[in-house]
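Working notes, beginning with the structure itself.
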Amino acid sequence: MKKIGMIWFGLAFCVWTAAMAAEKDFEIKGKRLISQKPPFTLTLPSELRLVHSFSHPNPGENSLTRVYILVKAKEGQMEEMLILQIADKTNPQAGPMTIPPLKPYTEKRMYLKDRKKKGDMEIDYLIQLMAWNPDAPSLQPIVKKGVAIPSQWALQGQLLFSYQAEHAVFVRYSKDINSFGLRISGEGRKWERESISGNEKRAYEFFRTEFIRMIDSISIRNP
């Protein structure tokens, strides 16, 4: 019995150690998002809180993806959401990690696709209009935390970069169009590239400035 007890203690200790190590890989301090693996920091537009995290293996790609979901809510309803995905290479013998290019949901509506240089590294980014779906399976962890998700339009920014071909970082930050303090139309045609104007254009430009500022704040530490 003593031997069995020691085995169980050892297993429990290993699980606890792994959990503690995972927690140290990522943290939020005010508006600062801090990642240890890969080592980078960025400044968020608002103070968001972590509501859910999980990981899943990708055997075919020789990687493990860690996912962190952060939100900012007002009176129990989500205003801002950030989903951070970090893919870690698990097989040192495998080739460099490859990442697919960013693509807009539709080219009909206003969007911006570009890239920025950070030293020797390039960060691809995309800004567009999208729709929050409270019934989406990926958003149920937020609902279970007691945060209501409005079924409406949100402006979204995506950024993507590879770190030394050993990690891939993908960020999706979105913000409720009604949180800008402007009277904004919920009709998709008002956001078309050829006709966007008025408050819709003001909200888009404000979000673009805010998101690019977040990209500019990224600080990558070399090992």
For region 177-188, does any single residue satisfy the condition of being touching a residue at least 60 places away in the same chain (Cβ under 8 Å) and of a type outside the set (A, V, I, L, M)?
-> yes
Give region 90-118 a look and list any residue that's farther than 30 Å from residue 151 by Cβ and at pLDDT below 90, or say none.
-> 90, 91, 92, 93, 94, 95, 96, 97, 98, 99, 118
Selection within region 144-156 - surrounded by 15 or more Cβ atoms within 10 Å (Cβ to Cβ) and of a type in the set (A, V, I, L, M, F, W, C) = 147, 149, 153, 154, 155
Hits in region 67-76 - residues which are modelled with pLDDT of 95 or more and surrounded by fewer than 19 Cβ atoms within 10 Å (Cβ to Cβ) | 67
Out of 109, 189, 193, 172, report the one residue that is within 27 Å of residue 58 (Cα to Cα) and of a type in the set (D, E, K, R).
-> 172
Kindly provide the set of residues from region 53-103 that are of a type in the set (Gly, Ala, Ser) and over 23 Å from residue 122 (Cβ atoms), ordered by number.
-> 53, 55, 60, 73, 76
What number of residues within region 186-203 are over 19 Å from residue 78 (Cα atoms) and either under 20 Å from the mean Cα position of the chain (by Cα) or in a helix (DSSP H, G or I) (or both)?
-> 9
State whether the residues of region 135-143 include one that is over 30 Å from residue 89 (Cα atoms) and not β-branched (Val, Ile, Thr).
-> yes
Does any residue of region 216-223 turn out to be assigned to a helix (DSSP H, G or I) and in contact with a Phe, Trp or Tyr (Cβ under 9 Å, 6 or more places away or on another chain)?
-> no
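The values are calculated or read from the model by the stated rules, or taken from the named source; none is laboratory data. Just so you know, these numbers come straight off a predicted model, no measurement behind them. With ideal geometry, Cβ positions are generated from the backbone for all residues, glycine too; neighbour counts draw on all protein chains shown.
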